[in-house]
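> To start, I am sharing the structure in question, which I have written as structure tokens.
Just so it is clear, none of the values below were taken in a lab; they were calculated from the coordinates. Just so you know, these numbers come straight off a predicted model, no measurement behind them. Positions of Cβ are generated from backbone atoms using ideal geometry, with glycine treated the same way; all protein chains shown enter the neighbour counts.
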Amino acid sequence: MGGKTQQVFTQRSKALDRLNQNRLIRNIRKHWMLYLMIVPGIVYYIIFKYIPLLGSVIAFQDFQIFKGFLDSPWVGLDNFKFLFNYQDFHEVLRNTALIALYQLLFQFPAPIILALLFNEIRLLVFKRTLQSLFYLPHFLSWVVVGGIVFELLAQEGIINALREMVGLAPILFMQEEAYFRTIVVISGIWKEVGWGTIIYLAAITAINPSLYEAAVIDGANRLKQTMYITLPLMLPTITVLFLLNIGNFLELGFDQIYNLLTPMTYSVGDIIETYVYRAGVLQGQYSLTTAIGLFQSVIGFALLWIFNRLARKSEQGLW
Amino acid sequence: MKQTLGEKCFQILNYAVLALLASTMIAPLLHLLAVSFSSPIAADSKKVFLIPVEFTFATWEHILQNEVLWRSFWITVFITVVGTLLSMLFTVLTAFPLSRKEFMLRKPIMLAIVITMIFNAPMIPFFLTVREVGLMDSIWALIIPGLISTFNMVIVRTFFMGIPDDLDDAARIDGCNEFRLLFQIYLQLSKPVLATIGLFYAVGYWNTFKTAVLFLRDPSLWPLQMRLRAFFTAEEELAAVDLIMGDFDFNTTTLKAATIIFATVPIVLVYPYLQKYFVKGAVLGSLKE
């Protein structure tokens, strides 16, 4: 773009700004009730979303509670430097990344598979009953689900009762490191798999039935119809959900881990969020734990950006 | 349509596998229900599966007399009722202007709100902000910091945008102002979507845990989930009696099972009634813009 056009452009946009300002004032006068309505919402978002977001700057400070984040001394990247040389953080990061990876590998595809299986059920009553049962655990809290898991896997719990029946020795599942991550993934699937199918089932319903009819005429069986029609047409939905997931890659959910963790399993199960809670909220290391939180967000955003670029190559990105 | 043998086998297998998996969704709860009505000896000797063994009400009698549990129960009822109503009011008030074409700041405000979905504030600055606001050790800390769920707000906004414009014109001719338009026309037409987000909010408040962990140090304010957690981690608190003193017809195993059922029953009770609404909501709120 030439310099001249640029100039004209700027002048023009300034004039437009003024015009817009006048229009805005008139708009507010005319629809003042709408503006009044949204005030509580704006106040809410500023106080509880934007101020904490801006408050993340304490990751670059030596935050002192009585000085607030305006007067606390700046320390640059010191908190981050400290973190990367800190043994505890390595362990916590490794646990978080591993559990996140397992969840991505097993928990993410689970509702897709379940939705495809649901789709093969012709008996409508049966399908509805199944769905009701599968959706139920989503509505239970992690405290309750954690309680259930502990009870079922306890020494005198039902799982060990079943093991005993086939002559196996009881296992203290919740106290042993080897089982922790498996338990996290399975309990996560148990709680959310049904709920996760809703959106995929909606995507399947939206598929034009004439595609299947054409495929049947061409002699495609159910498996081929699934492979070549259902799955490809679910792909946009899968991609979007994958991207939304990857953006929160390291955010595993505090409630689940906190309610499954015992001191015996810290070495494999202590994740960023549980660590931040203990070191930050309970011990007051505010700046350091905010640095961890920020690091977590940056990784999430970077992953989202990378995978969105990849997805865009097949024209299915989020933006 | 003709089915091959393979397809028939798959069909049968599919029905069987799904039925089995579906039963694992409810079986743990039925098992714990059975445990809560069994004698402690039967429960601990692994005899109880889905039917109570040595049936007794002792566990439930003890649980239902636990005043601390009831206190937490009523706190949860309070935050569920008051929180859901406030949340719905705030959500609707925010969603309505954002659904109106004549509202000039619609796009920038919507963008600013969606950004908060992508960039979540880290836990600590959020914690410090809520503390600065003065909500530490107040049950309002369970309501106000999570007042509007952006997800739910987007559901309502999408629904409002789908209501035909002709209604507005008719209303305007009748001299209807925008508050009345929202409360007397739009909300009347939005009952299904309001039921959906009401359900989402209510379940969220009923299951409130993390905010209680963060903001409530005073145990007398704890909501139900927090109390359950305390019972699970400090079993003696749950029993609240000296178990060595005599023979009781309950122990921590049966008590824990009963408290889990206690916290779950209200959800299971409203579940079938509200089920018809939430599926629609889950799809609506997902990705539409």
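> Report, in debye and to the nearest 20, how large the dipole of the protein assembly as shown comes out about its Cα centre when Lys and Arg carry +1 and Asp and Glu carry -1 on their Cβ.
Charge dipole of the protein assembly as shown: 2860 debye, to the nearest 20.
> What order, most packed first, do the peptides A:261-268, B:189-196 have when packing is the mean number of other Cβ atoms within 10 Å of each residue?
The peptides rank, most packed first, as B:189-196, A:261-268.
> Per residue of B:125-136, what is the mean number of Cβ atoms on other protein chains within 10 angstrom of that residue's Cβ?
6
> Sequence gap of 8 or more, or different chains, plus Cα separation below 25 Å: how many lysine pairs satisfy both in chain A?
Here the count comes out as 6.
> A follow-up question, please. Calculate the mean, over all residues of peptide A:65-75, of how many other protein chain Cβ atoms lie within 10 angstrom of the residue's Cβ.
Per-residue shielding by partner chains comes out at 1.
> Additional query: Name the shape class, rounded, prolate or oblate, that the alpha-carbon gyration tensor gives for chain B, where a ≥ b ≥ c are the square roots of its eigenvalues, rounded holds for a/c under 1.5, and otherwise prolate holds if a/b is larger than b/c and oblate otherwise.
Here chain B falls in the oblate category.
> Can you tell me the dipole magnitude for the range A:78-313 around its Cα centre, using point charges on the Cβ only (Lys, Arg +1; Asp, Glu -1), in Debye to the nearest 20?
Using only the charged Cβ atoms, the result is roughly 820 debye.
> Moving on. Determine, from the Cβ-Cβ distance of residue A:211 and residue B:111 and an R0 of 51 Å, the FRET efficiency 1/(1 + (r/R0)^6), rounded to the nearest 0.05.
Computed FRET efficiency for residue A:211 and residue B:111 comes out at 0.90.
> Would you please give the residues with an amide H less than 5 Å from that of residue A:261, counting only those at least 5 places away or on a separate chain, with H modeled from the backbone geometry?
Amide H neighbours of residue A:261, under 5 Å, 5+ apart: none.
> In peptide B:14-26, how many Cβ atoms from other protein chains are near each Cβ within 10 Å, on average?
5
> Something else: Pick from A:163, A:23, A:94: which residue has the top mean-square fluctuation in a GNM of chain A where Cα pairs under 10 Å get a spring?
Answer for the Gaussian network model of chain A: A:23.
> Separate question: Just to be sure I understand the curve: with the Debye formula and one point per C-alpha of the range A:8-62, what is log10 I(q)/I(0) at q = 0.16, 0.23, 0.27 Å⁻¹?
-0.76, -0.84, -0.95
> Add -39500 (n - 2.57) for each DSSP H run of 4 or more in chain B, then divide by its residues: what number comes out at 222 nm, to the nearest 500 deg cm²/dmol?
-22000 deg cm²/dmol
> With the radius of gyration and the Kirkwood radius both derived from the Cα set of the range A:78-313, what is their ratio Rg to Rh?
For the range A:78-313, the value is 1.04.
> For the range A:130-169 and the range A:28-98, what is the separation of their Cα centres, given in Å?
Using only Cα atoms, the two centres lie 38 Å from each other.
> Taking 4 °C and 1.567 mPa s as the conditions, I'd like the Stokes-Einstein D for the protein assembly as shown in µm²/s, using the Kirkwood hydrodynamic radius from alpha carbon pairs.
48
> Still on this structure: Separation between the residue A:36 and residue A:54 pseudo-spin-labels, each 7 Å from Cα along Cα→Cβ, expressed in nm?
Spacing of the two 7 Å Cα→Cβ label points: 2.8 nm.
> Give the long-range amide H neighbours of residue A:61: residues separated by 5 or more places, or on another chain, with amide H under 5 Å away, using H modelled in the peptide plane at 1.01 Å from N.
Here the answer is A:75, since their amide H atoms fall under 5 Å of that of residue A:61.
> Still on this model: Let me understand the range B:67-219 better: what is its radius of gyration from the alpha carbons, and its Dmax, in angstrom?
When restricted to Cα atoms, the range B:67-219 yields Rg and Dmax of 17.9, 58 Å.
> Using only Cα atoms and rounding to the nearest 10 degrees, what angle (0 to 90) does helix B:252-287 make with the longest principal axis of chain B?
Around 20 degrees separate the two axes.
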